[in-house]
Amino acid sequence: MTDNCMKHFERISEYLDGELDPATCIEIERHMAECPQCENCVESLKRTVALCRKMGGEKLAPDEATRIREKLRECLFREHKAG
Amino acid sequence: MHQETAVLRHEFDPIDRELIESFKAGSSEAMERLVERYENRIFTFGLKMCGHRQDAEDIAQETFLSAFRHLDRFRQETPLKNWLFKIAARACFRKRRKKKGEPDREISIESLRHEDGNGGDYFIPDPDESPHDAVLRLELKTIIDNSIRSLPPKYRMVFNLRDMEGFSTEEAAQIMGISIQLVKTRLHRARLFLRDKITAAYREGGLQ
Ligand SMILES: [Zn+2]
């Protein structure tokens, strides 16, 4: 890693999230065009996020949803009655 | 560290507004509909944070109960969804404390840099070509879930809020009560950490 690589390494996430000013983006893109390591670094990080998003989802099971609602109704109704 | 305060302006969701009014007027159907709108996301967040379905169920339960109890004090300056996540985030921390769970720790940027040149060839499967085979898919999901679970809690929370739930940097900062800069730092390290974990899982003979 060169000093330049190091500097960009810290900002890759902000770069991917579109949180950097245009001048810094251009600087990073120019660097990536001539540094395959940094290009790979950015691409693989982008993939990591996309993969987690795609595979990480969960789904509440119907019996879990029912239990949550039943307990809620029970608690809130009891409190309501107690005033 | 430089502290930026997040100032957020939001249009309050009109359906939420109406349901909240109905709930305050005593409609239990409005309560059901509010739960229905957010239960899956709160449960998912709880599961991603705690790793156990029972804990996630408790967190969802606690979150909604607390929300309905305090709904009259909720001023609708932030979206209901953000407010619910703020309550859920606190519930997650409480749960971890009660269970005397893993201590929080920092991830150093040095540990993620691979200056020696090793580990720089990352192996991250293409998300657009995730396996059709159910067994392979489950194996991949297990790798991803375990990797996320292995993040230290405060990094895991930032990652879940930002990348899994899609909150903005400002929103995540507000939900967690930390600075924008800290959200950015933690998110970056969390992502780098996950990349290393997933790569390592593949190297150790995971999927190919
Ligand atoms: Zn470079």
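Just so it is clear, none of the values below were taken in a lab; they were calculated from the coordinates. Source: prediction; values computed, not measured. Every residue, glycine among them, receives a Cβ derived from its backbone with ideal geometry; neighbour counts consider all protein chains shown.
Annotations
- Label sites at A:E10 and B:R37, each approximated as a point 7 angstrom past Cα along Cα to Cβ, lie 4.2 nm apart.
- Top of B:L151, B:L194, B:L19 by mean-square fluctuation, Gaussian network on chain B, Cα under 10 Å: B:L19
- Exposed GluC sites (Glu not before Pro) absent: longest stretch of chain B, with sites in DSSP loops and at most 14 other Cβ within 10 Å deemed exposed: B:116-203
- Lysine pairs meeting the criterion (Cα under 15 Å, 8 or more apart or interchain), as found in chain B: 8
- Extents of chain B, taken as max minus min of Cα coordinates on every principal axis and listed largest first, are 63, 46, 36 Å.
- Per residue, the Cα convex hull of the range B:110-203 amounts to 106 Å³.
- Orphan Cys of chain A, criterion: no other Cys C-beta under 4.7 Å: A:C5, A:C25, A:C41, A:C52, A:C75
- With Cα atoms as the point set, the radius of gyration and Dmax of the range A:1-80 evaluate to 22.8, 67 Å.
- Note on the range B:2-99: Cα-Cα pairs beyond 24 Å make up 27% of the total pair count.
- When chain B is treated as a GNM with alpha-carbon contacts under 10 Å, the residue of B:S66, B:S130, B:S22 showing the greatest mean-square fluctuation is B:S130.
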